[in-house]
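Trainee: One structure follows; several queries about it will come next.
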Amino acid sequence: MIDIKLIREQREFVKKEIEKLSVSSLIIDEICELDESKRKLLYDTECLRNTRKILSREISSEKNEEKVSAKKNEVKKINDTIKFQEEDLALIDNKLTELMLNVPNLPDPDVPLGEDDSHNVTVSYFNEKKSFEFKPLAHYEIGEKRGLIDFERGVKISGTRFYVLKKGFARLQRALINFMLDTHILEHGYEEVYPPFMVNEDCLVGTGQLPKFADNLYKDDDSGFWFVPTAEVPVTNMYRDEIIDPGLLPVKHVAYTACFRKEKMSAGKDTRGIKRGHQFDKVELVKIVLPEKAKEELSSLISDAQDILNRLEIPHRLVQMCAGDLSFSAAEKYDIEAYAPGVNEWLEVSSCSNFNTFQSRRANIKFKRDKNSRAEFAATLNGSGLALPRVMIAVIENYQTRDGLVKIPDALRKYLNDEEFI
RNA sequence: GGAGAGAUGGCCGAGCGGUUUAAGGCGGCGGUCUUGAAAACCGUUGAUGCUAAUAACAUCCGGGGGUUCGAAUCCCUCUCUCUCCGCCA
């Protein structure tokens with residue numbers, strides 16, 4: 001959520017920023033109108049409450065019975081008005097909140113202009129593409145040929161977009177998870193958390209998935225639990241409705257979770273292989289930081305994520321999202337794309353975002369600079385570090401040998417019993 | 001799943017219809033004293049909204065609803081926590 005005061009005070013500026021996202025700014029006008037009537041009504045009811053309070057106090061000390069009943073009647077009348085106004089206020093307030101929850105974050109000034117992904121900017125390339133003396137196979141070809149990915153049984157036991165990893169590939173994924181976690185904990189200073197994979201609705205409103213993106217999420221109607229689409233949701237929301245003590249920022253967490261997404265929007269897209277499933281594993285980085293440090297924290301978050309690919313010696317590139325391709329909650333976002341020679345694609349293995357105070361306003365995450373200072377909204381950031389299936393694809397395809405084996409990257413050896421090939 | 005108990009300010013804890021505009025303690029902050037510190041004593045101490053304001057006012061005693069001139073306090077309801085039993089990886 002953006003600051004309603006900013007809308008109130010700099011309406012035209014906010015509208016202009018929203019339009020950069022290729023989103024209509026009419027919502028801002030609607031908000032301004034509602035906000036104005038809300039505040040007027042609020043002031044009126046507060047005055048009435050104050051009068052009631054004074055009258056009630058007078059009743060308690062009034063001896064004259066006639067005066068008492070006169071005053072009681074007066075308060076009753078006031079109560080009727082208050083009740084009426086409160087109902088009105090609740091209606092306006094609900095509508096206002098609903099609108100505010102649907103206003104996207106404003107783009108950072110450094111974000112390039114552009115309507116869609118064709119205007120994204122590739123910042124730079126890392127690690128040379130490997131050259132092959134044979135035609136590199138796609139991961140699903142290797143997986144099927146060697147019985148390491150079972151697509152048919154995935155569909156049988158669950159449905160389309162599910163698969164079973166077996167033997168060496170299952171092990172490889174487990175090794176990657178541990179490698180990523182250990183690297184972020186030991187080398188980059190993150191603290192590990194293992195959160196629930198199911199959360200309540202408040203969490204998803206807090207990080208911005210709800211109310212707008214309900215159709216990409218799984219939910220158990222019976223219990224009201226939602227399956228996490230990313231660890232960002234439970235980990236960021238650990239601090240919901242909290243005021244973080246002075247000196248505890250930045251908070252840096254790394255978490256492994258499974259992630260669940262309906263992917264209705266991507267129907268028919270990426271149906272081959274393990275690139276886009278309804279369930280996938282991810283190691284996620286989450287930071288809660290001082291607002292003025294958010295941008296530099298984003299840079300270091302990106303390097304922390306990239307470091308995984310560097311240690312695995314996988315070619316990749318860094319892409320900056322243009323305004324029109326920013327996600328709803330992000331002020332600034334960079335994707336890291338790993339190159340997979342088998343499918344000949346740049347795969348998004350990480351998406352690193354700075355949300356500024358957008359999420360912390362929704363989730364009410366605050367901090368204090370000093371013991372006696374006012375609580376302020378913190379900035380939140382997160383990024384994948386990294387998404388497992390696509391890193392699997394990159395490792396499998398980049399490290400494949402002519403005879404269909406996968407050479408284990410040096411960085412992973414110790415997680416795989418120092419073996420050489422899968 | 002069954003039975004019972006409970007939810008109050010950063011923490012502990014009183015209050016059970018009107019100086020509660022939440023006692024008292026702990027902790028925190030400021031001060032007195034001291035070479036310094038501790039102890040002791042004195043003062044102070046949250047959130048939200050509106051606002052130029054650390055002013056005034058309003059709201060906040062788990063959430064929602066009700067009774068009343070007036071609710072932390074009474075009633076209803078929901079949620080959560082704890083204890084015991086049952087079941088269980």
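The values are calculated or read from the model by the stated rules, or taken from the named source; none is laboratory data. Here the structure is a predicted model, which is why all the values come from computation and not from measurement. Virtual Cβ from ideal backbone geometry, glycine too; neighbours counted across all protein chains shown.
Trainee: Quick one: which of A:GLU86, A:GLU74, A:GLU65, A:GLU115 is touching a helix residue (DSSP H, G or I) at 6+ places or on another chain (Cβ under 7 Å) and more than 30 Å from A:ILE4 (Cα to Cα)? Can you show your working first?
Mentor: Details: A:GLU86 fails: more than 30 Å from A:ILE4 (Cα to Cα); A:GLU65 fails: touching a helix residue (DSSP H, G or I) at 6+ places or on another chain (Cβ under 7 Å); A:GLU115 fails: more than 30 Å from A:ILE4 (Cα to Cα).
Every option except A:GLU74 fails the conditions.
Trainee: Of the numbered conditions (1) farther than 28 Å from A:LYS366 by Cβ; (2) surrounded by fewer than 16 Cβ atoms within 10 Å (Cβ to Cβ); (3) in contact (Cβ under 8 Å) with a residue 40 or more places away in the chain; (4) not acidic (Asp, Glu), A:SER266 satisfies every one except a single condition; which is it?
Mentor: Tallying (1) farther than 28 Å from A:LYS366 by Cβ; (2) surrounded by fewer than 16 Cβ atoms within 10 Å (Cβ to Cβ); (3) in contact (Cβ under 8 Å) with a residue 40 or more places away in the chain; (4) not acidic (Asp, Glu), A:SER266 fails exactly one: (3).
Trainee: Related question: For A:LEU34, are the conditions met, namely being touching a residue at least 12 places away in the same chain (Cβ under 8 Å) and near RNA strand B (Cβ under 7 Å from one of its atoms)? Full working, then the answer.
Mentor: On the way: touching a residue at least 12 places away in the same chain (Cβ under 8 Å): yes; near RNA strand B (Cβ under 7 Å from one of its atoms): no.
Criteria not met by A:LEU34.
Trainee: Mind checking whether some residue in region A:360-380 is over 26 Å from the mean Cα position of the chain (by Cα) and away from RNA strand B (no atom under 16 Å from the Cβ)?
Mentor: Step one: filter region A:360-380 for residues over 26 Å from the mean Cα position of the chain (by Cα), giving A:370-374.
Then keep just the ones that are away from RNA strand B (no atom under 16 Å from the Cβ); that gives none.
For region A:360-380, residues over 26 Å from the mean Cα position of the chain (by Cα) and away from RNA strand B (no atom under 16 Å from the Cβ): absent.
Trainee: On the basis of being surrounded by fewer than 19 Cβ atoms within 10 Å (Cβ to Cβ) and part of a loop (DSSP other than H, G, I, E, B), does A:GLU128 make the cut?
Mentor: Values: surrounded by fewer than 19 Cβ atoms within 10 Å (Cβ to Cβ): yes; part of a loop (DSSP other than H, G, I, E, B): yes.
Yes: the conditions hold for A:GLU128.
Trainee: What is the one condition in (1) more than 30 Å from A:ASN120 (Cβ to Cβ); (2) in contact with a helix residue (DSSP H, G or I) (Cβ under 6 Å, 6 or more places away or on another chain) that A:ILE7 does not satisfy?
Mentor: Condition not satisfied by A:ILE7: (1).
Trainee: In region A:326-339, how many residues are over 15 Å from the mean Cα position of the chain (by Cα) and touching a residue at least 60 places away in the same chain (Cβ under 8 Å)?
Mentor: Start the filter on region A:326-339 by keeping residues that are over 15 Å from the mean Cα position of the chain (by Cα), which leaves A:336-339.
Next cut, touching a residue at least 60 places away in the same chain (Cβ under 8 Å) only: A:339.
Residues in region A:326-339 being over 15 Å from the mean Cα position of the chain (by Cα) and touching a residue at least 60 places away in the same chain (Cβ under 8 Å): 1 in total.
Trainee: Looking at A:ARG52, is it surrounded by 15 or more Cβ atoms within 10 Å (Cβ to Cβ), out of contact with any Cys (no Cβ under 9 Å at 6 or more places or on another chain) and on the phi < 0 side of the Ramachandran plot? Reasoning before the result, please.
Mentor: Details: surrounded by 15 or more Cβ atoms within 10 Å (Cβ to Cβ): yes; out of contact with any Cys (no Cβ under 9 Å at 6 or more places or on another chain): yes; on the phi < 0 side of the Ramachandran plot: yes.
Yes; evaluated as a whole, the condition is true for this residue.
Trainee: Within region A:267-292, track down each residue that is under 22 Å from A:LYS333 (Cα atoms) and more than 19 Å from the chain's Cα centre (by Cα).
Mentor: Filtering region A:267-292 for residues under 22 Å from A:LYS333 (Cα atoms) gives A:275-276, A:280-292.
Passing the criteria: A:LYS275, A:GLU292.
Trainee: So which of A:ASP110, A:ASP93 ends up being surrounded by 11 or more Cβ atoms within 10 Å (Cβ to Cβ) and touching a residue at least 40 places away in the same chain (Cβ under 8 Å)?
Mentor: Numbers: A:ASP110 fails: surrounded by 11 or more Cβ atoms within 10 Å (Cβ to Cβ).
When all the criteria are applied, what remains is A:ASP93.
Trainee: Look through region A:377-420, keep the residues that are in contact (Cβ under 8 Å) with a residue 12 or more places away in the chain and of a type in the set (S, T, N, Q), and return whichever of them is surrounded by the most Cβ atoms within 10 Å (Cβ to Cβ).
Mentor: A:THR380
Per-residue answers, yes or no, for (1) within 16 Å of RNA strand B (Cβ to nearest atom); (2) under 15 Å from the mean Cα position of the chain (by Cα):
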position	(1), (2)
A:GLY224	yes, no
A:THR230	no, yes
A:THR236	no, yes
A:PRO250	no, no
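Trainee: Another question, if that's okay. If I ask for residues that are touching a helix residue (DSSP H, G or I) at 6+ places or on another chain (Cβ under 6 Å), outside any loop (DSSP other than H, G, I, E, B) and in contact (Cβ under 8 Å) with a residue 40 or more places away in the chain, which ones from region A:144-164 would you list?
Mentor: A:ILE149
Trainee: Okay, moving on. Return the residues of region A:365-401 that are touching a Phe, Trp or Tyr at 6+ places or on another chain (Cβ under 8 Å), assigned to a loop (DSSP other than H, G, I, E, B) and modelled with pLDDT under 95; say none if nothing qualifies.
Mentor: A:ALA378
Trainee: Out of all the residues in region A:48-103, which are more than 9 Å from RNA strand B (Cβ to nearest atom), more than 30 Å from A:PHE328 (Cβ to Cβ) and of a type in the set (Ser, Thr, Tyr)?
Mentor: Correct list: A:THR81 only.
Trainee: Could you check, for region A:174-188, whether at least one of its residues is outside any helix (DSSP H, G or I), basic (Lys, Arg) and under 16 Å from A:ASP281 (Cβ atoms)?
Mentor: Kept after step one, since they are outside any helix (DSSP H, G or I), are these residues of region A:174-188: A:188.
Retained after the next criterion (residues that are basic (Lys, Arg)): none.
Within region A:174-188 (the criterion being outside any helix (DSSP H, G or I), basic (Lys, Arg) and under 16 Å from A:ASP281 (Cβ atoms)), the answer is no, since none of the residues qualifies.
Trainee: Looking at (1) surrounded by 19 or more Cβ atoms within 10 Å (Cβ to Cβ); (2) under 27 Å from A:LEU298 (Cα atoms), which one does A:HIS139 not meet, given that it meets all the others?
Mentor: Evaluating A:HIS139 over (1) surrounded by 19 or more Cβ atoms within 10 Å (Cβ to Cβ); (2) under 27 Å from A:LEU298 (Cα atoms) leaves (2) as the failure.
Trainee: Out of A:LEU165, A:LEU106, I need the residue that is more than 16 Å from RNA strand B (Cβ to nearest atom) and outside the structural domain of A:ARG276 (by TED's automatic domain parsing). Which one?
Mentor: On the way: A:LEU165 fails: outside the structural domain of A:ARG276 (by TED's automatic domain parsing).
Step by step, each of A:LEU165, A:LEU106 is checked, and only A:LEU106 is more than 16 Å from RNA strand B (Cβ to nearest atom) and outside the structural domain of A:ARG276 (by TED's automatic domain parsing).
Trainee: Scan region A:355-369 and give yes if some residue there is within 24 Å of A:ALA138 (Cβ to Cβ) and touching a helix residue (DSSP H, G or I) at 6+ places or on another chain (Cβ under 8 Å), otherwise no.
Mentor: We begin by selecting, within region A:355-369, every residue within 24 Å of A:ALA138 (Cβ to Cβ); these are none.
Checked against the condition, which is being within 24 Å of A:ALA138 (Cβ to Cβ) and touching a helix residue (DSSP H, G or I) at 6+ places or on another chain (Cβ under 8 Å), region A:355-369 yields no hits at all.
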